[in-house]
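Single-structure report; data block below.
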Amino acid sequence: MKYQSQAVAKPYFVAAIALFVAQVLFGLIMGIQYVVGDFLFPAIPFNVARMVHTNALIVWLLMGFMGAAYYLVPEEAERELHAPKLAIATFWIFLVAAALTVLGYLLVPYAKLAEMTGNDVLPTMGREFLEQPTITKIGIVLVALSFLYNLSMTFLKGRKTAISSVLLLGLWGLAIFFLFSFVNPDNLVRDKFYWWWVVHLWVEGVWELIMGAILAFVLIKVTGVDREVIDKWLYVIITLTLVTGIIGTGHHYYWIGTPGYWQVWGSVFSALEPIPFFAMTLFAFNMVNRRRRNHPNRAATLWALGTGVMAFLGAGVWGFLHTLSPVNYYTHGTQITPSHGHLAFYGAYAMVVLTMISYVWPKLNGREANGNRSQVLEMWGFWVMTISMTFIALFLTAAGILQVWLQRMGANPLPFMEVQEQLALFYWLRVIAGVAFFAGLLAYITSFFKGVEGSPEYRPLAQEASA
Amino acid sequence: MMSSTFSTTTARNIFYGGALFSFLLFLALTFHTESALPQRDARALLEANPQVAVGKRVWEENNCIGCHTLLGEGAYFAPELGNVYKRRGPEFIKAWIKAQPTGTPGRRQMPQFNLTEEELDALVEFLRYASEIDTNGWPPNIEG
């Protein structure tokens, strides 16, 4: 850690991991409810568990991005953070707001929560992923403003690098597109149209800038490859991202009342969306192959390579699987969607945050890398979580294919609930994979408590040393 | 790909140019879509009947999307409701909501939302409106 104020990242990372645990626990509850329908009913109905599951995901990733940015921007700018105390205050406000929101979901009926928080004044609740009370949304905007002010001031006063420019552009984009969560027309088609301006333009747009910047930062650190080379890759990747991803929003505009031509625009551009993810995989492997040092943090390097591969599989390949409109006609709204959603979110965003935490956490604790036992455990966590998530995606894909066939393609289409009963085998297998994922997460968390012993130092490669 | 003639500045300029162009194209398509929507989005029903907007609020404030899909978007735990008005009809929908939860052991349970008769009617009107939106022929059949 070069600058004292980088330490503000610490509470953000701790909260991110804690929320990650909550996310997975509620995911397990939902997984069981898929096969044992009345599990925990009426204490935790499925829709409540799902709000906690998805909202915890969003908040832990945001916490992770924030922690990453608070560490990265001062280092790139070569100066202390503009206002470290503000960053800590922002953290507590964000955490308390998130906790109160989750308690609201769990303790009162959703309609009551809407009433208590004055949803009728500015109705924004009850839309997927944007279930937060309007006052929570306003709180998120204020937290984002404080965060962006702090980082932008640090950026403007210091060294301006490609990585910090791209990161800040991504973060500003994140905040600006979130404003569309306040757009909720009575017209359902227009509601859905602009809802995607938050959801799609986040995950298939500006978040990829954040991901690219974080990955580039970690790759510079662990490989020692020239910044010049890495910067060029970063710009090429994010160009491909936005050129394919922005018009690629059209793949959500096939069946929600929007004109038919979106099937052409959406299919063509979103079919190209795997390319930037593939470039990201090439980028990670290329840089590690061209490394000029063997960084002692092997776990961080593994995460960086892993996120490249898994983002390509989850977001790229599994996205392509159902993005062409003639295919999507049959798969839209089936289990194919969550199969892609799980692998994409884990591969791209969960893993890039874990990559950053892996690299930064030892530094925040005054060592170059964790000791061997800790790294081995962390890598166990990596493999068990990654393989488990791959199986979750595969089982849901199998369930999805069967669902499409029974409900939408066969000669005698069956009703939804009858089809669900026939998918039970795959849902059970998904629960097992989910439990394995949780075990991997526990191994990962345990590794933090074994970090202190014997932390290794930098080792330049032999050819580098002799050159 | 990364030859010395291709500088970081060039890469950066291509990025800003490409992103700006894509976003402007997206905006142009958005403007066109907005102009085409009146022929497709059943807004006559929305404008003629204030109950539709009330029903949308009932839909939102009970987080129906947390289990169901609506035009294929939402959760995948319970049936598609964009066409439920056509599949089941208004009386069935109201009776079903009132009868929840079924309490059948092991079966997925829908909560009791204690909706008033006015709220139920409004919700049905909202679902009727949703079923009239031109979705390019989706879903493939009435089962959703």
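The values are calculated or read from the model by the stated rules, or taken from the named source; none is laboratory data. These numbers were taken from a predicted model, which means no experiment stands behind them. As a convention, Cβ positions derive from the backbone with ideal geometry for all residues, glycine included, and neighbour counts pool all protein chains shown. The protein model used for the area step is the full one, side chains on, heavy atoms only, and it has no ligands, DNA or RNA in it. Shrake-Rupley method; radii C 1.70, N 1.55, O 1.52, S 1.80 Å.
Structure notes:
- Residue, farthest from the other protein chains (Cβ to nearest Cβ), within the range A:232-276, restricted to residues that are polar (S, T, N, Q) and under 21 Å from the mean Cα position of the chain (by Cα): A:SER270
- Helices (runs of 4 or more DSSP H) fully within the range B:79-144 counting 3 or more residues that are open to solvent by 60 Å² or more (accessible area, probe 1.4 Å): B:90-99, B:117-131
For every residue, the table says whether it meets (1) at pLDDT 95 or above; (2) charged (D, E, K, R); (3) open to solvent by 20 Å² or more (accessible area, probe 1.4 Å).
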position	(1), (2), (3)
A:SER5	yes, no, no
A:LYS10	yes, yes, yes
A:PHE13	yes, no, no
A:LEU25	yes, no, yes
A:GLY31	yes, no, no
A:TYR34	yes, no, yes
A:ILE44	yes, no, yes
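- Residue selected from the range B:63-78 under the condition in contact with a Gly (Cβ under 7 Å, 6 or more places away or on another chain), part of a loop (DSSP other than H, G, I, E, B) and open to solvent by 10 Å² or more (accessible area, probe 1.4 Å), by the criterion farthest from the other protein chains (Cβ to nearest Cβ): B:HIS68
- Among the residues listed as B:ARG12, B:ARG43, the single one being buried (at least 18 other Cβ atoms within 10 Å of the Cβ) and within 20 Å of the chain's Cα centre (by Cα): B:ARG43
- Qualifying residues in the range B:1-52 (those that are in contact (Cβ under 8 Å) with a residue 12 or more places away in the chain and part of a helix (DSSP H, G or I)) - the one nearest to A:TRP255 (Cα to Cα): B:GLN39
- Of all the criteria given as (1) within 14 Å of another protein chain (Cβ to nearest Cβ); (2) in contact with a His (Cβ under 6 Å, 6 or more places away or on another chain); (3) closer than 24 Å to A:LEU28 by Cα, the one not satisfied by A:ASN328 is (3).
- Cβ separations smaller than 6 Å between residues 6+ apart or across chains give the following pairs from the range A:137-162 residues that are closer than 12 Å to A:TYR70 by Cα to residues that are open to solvent by less than 10 Å² (accessible area, probe 1.4 Å) and not in a helix (DSSP H, G or I): A:THR154/A:LEU81.
- Residue list for the range A:75-100, filter: closer than 15 Å to A:VAL143 by Cβ and outside any helix (DSSP H, G or I): A:ALA83
- Selection status of B:ASN83, on the phi > 0 side of the Ramachandran plot and not small (Gly, Ala, Ser): no
- Total residues in the range A:1-60, condition among the β-branched types (Val, Ile, Thr) and assigned to a loop (DSSP other than H, G, I, E, B): 3
- Sole exception among (1) away from chain B (no Cβ under 11 Å); (2) buried (at least 21 other Cβ atoms within 10 Å of the Cβ); (3) among the hydrophobic types (A, V, I, L, M, F, W, C); (4) under 29 Å from A:TRP92 (Cβ atoms) for A:VAL141, by number: (2)
- Close pairs from the range A:217-242: first at negative phi, partner hydroxyl-bearing (Ser, Thr, Tyr), Cβ under 6 Å, at least 6 apart: A:VAL218/A:THR355; A:VAL218/A:TYR359; A:VAL222/A:THR301; A:ASP231/B:THR8; A:LYS232/B:THR8; A:LEU242/B:SER22
- Residue within the range A:29-40 that is within 19 Å of A:TRP207 (Cα to Cα) and among the hydrophobic types (A, V, I, L, M, F, W, C) present: no
- Among the residues of the range A:398-424, the ones that are among the β-branched types (Val, Ile, Thr) and open to solvent by 20 Å² or more (accessible area, probe 1.4 Å) come to 1 in all.
- When B:ARG128, B:ARG107, B:ARG43 are checked against the criterion of being more than 26 Å from A:GLU421 (Cα to Cα) and within 10 Å of another protein chain (Cβ to nearest Cβ), a single residue qualifies: B:ARG43.
- For the range B:57-75, the count of residues that are farther than 21 Å from A:MET51 by Cβ and touching a residue at least 12 places away in the same chain (Cβ under 8 Å) is zero.
- Among the residues of the range A:192-212, the ones that are open to solvent by 10 Å² or more (accessible area, probe 1.4 Å) and either among the charged types (D, E, K, R) or on the phi > 0 side of the Ramachandran plot (or both) come to 2 in all.
- Test: residue in the range A:312-321 that is closer than 22 Å to A:ASP226 by Cα, open to solvent by 10 Å² or more (accessible area, probe 1.4 Å) and among the β-branched types (Val, Ile, Thr): no
- Boolean, A:THR54 is hydroxyl-bearing (Ser, Thr, Tyr) and within 14 Å of another protein chain (Cβ to nearest Cβ): yes
- For beta carbons closer than 7 Å, sequence separation of 6+ or different chains, a first residue in the range A:429-449 that is basic (Lys, Arg) and a second that is in a helix (DSSP H, G or I), the qualifying pairs are A:ARG430/A:GLY31; A:ARG430/A:ILE392; A:ARG430/A:PHE395; A:ARG430/A:LEU396.
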